[in-house]
Amino acid sequence: MFDFNCDVAQSFGPYQNDMEYEIAKYCSTINIAAGFHAGSPLSIRRAFLFALDNNVALCAHIGYPDIQGFGKRKMSLDEEELKAVITYQIGAIVAYAKTFDLEIEGVRCHGALKEELNTNEQSATIIANSIKKIS
């Protein structure tokens, strides 16, 4: 079985684009932007409403605190900052999911944070341990 997934809830402020949901209709999982690289409380809410209507699995989509650069710029965060960034974003998505009686099934890193995860063992360990503490 394949898990076809896509990123959603990436609109914020004047940057609105709901075309992601045209693709999401064909997905088994949606990755909900947690607000640091993209997203807003309203776009996150819309993603959960979509999940309810379409019976898809949910992932928290986390990134560096770089909304201006769409999370694509590398950032040098110390261990405590990186832990805080991970915990904050996942915590927000998990808490929001609870308001809809839904659960998050995974975490997906975005952009430069994903690159950091793939190339830096120390950062990957920090990210994994931060996720583990939440669930």
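The values are calculated or read from the model by the stated rules, or taken from the named source; none is laboratory data. No experiment lies behind these values; they were computed from the predicted model shown. Heads up, the Cβs are rebuilt from the backbone with ideal geometry, glycines too, and the neighbour counts pull from every protein chain shown. In case anyone asks, the SASA skips ligands and DNA or RNA and just uses the protein heavy atoms, side chains included. Shrake-Rupley method; radii C 1.70, N 1.55, O 1.52, S 1.80 Å.
For (1) in contact with a strand residue (DSSP E or B) (Cβ under 8 Å, 6 or more places away or on another chain); (2) hydroxyl-bearing (Ser, Thr, Tyr), each residue gets a yes or a no:
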| position | (1), (2) |
| --- | --- |
| Ala47 | yes, no |
| Tyr64 | no, yes |
| Lys74 | no, no |
| Lys83 | no, no |
| Ile93 | yes, no |
| Cys109 | yes, no |
| Lys133 | no, no |
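Yes/no matrix, rows are residues, columns are (1) in contact (Cβ under 8 Å) with a residue 12 or more places away in the chain; (2) open to solvent by less than 50 Å² (accessible area, probe 1.4 Å):
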site	(1), (2)
Ile44	yes, yes
Ala57	yes, yes
Ala60	yes, yes
Tyr64	yes, yes
Gln68	no, no
Gly71	yes, yes
Met75	yes, no
Asp78	no, no
Gln89	yes, yes
Could you count how many residues in region 104-133 are surrounded by 14 or more Cβ atoms within 10 Å (Cβ to Cβ), part of a helix (DSSP H, G or I) and of a type in the set (A, V, I, L, M, F, W, C)? 7
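A quick yes/no check of all residues on (1) more than 19 Å from Ile127 (Cα to Cα); (2) surrounded by 18 or more Cβ atoms within 10 Å (Cβ to Cβ); (3) of a type in the set (Ser, Thr, Tyr); (4) in contact (Cβ under 8 Å) with a residue 40 or more places away in the chain:
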position: Asn5; (1), (2), (3), (4): yes, yes, no, yes
position: Gln10; (1), (2), (3), (4): yes, yes, no, no
position: Asn17; (1), (2), (3), (4): yes, no, no, no
position: Phe48; (1), (2), (3), (4): yes, yes, no, yes
position: Lys83; (1), (2), (3), (4): no, no, no, yes
Can you go through Ala51, Ala38, Ala60 and tell me which one is among the small types (Gly, Ala, Ser) and closer than 17 Å to Ile131 by Cβ? Ala60
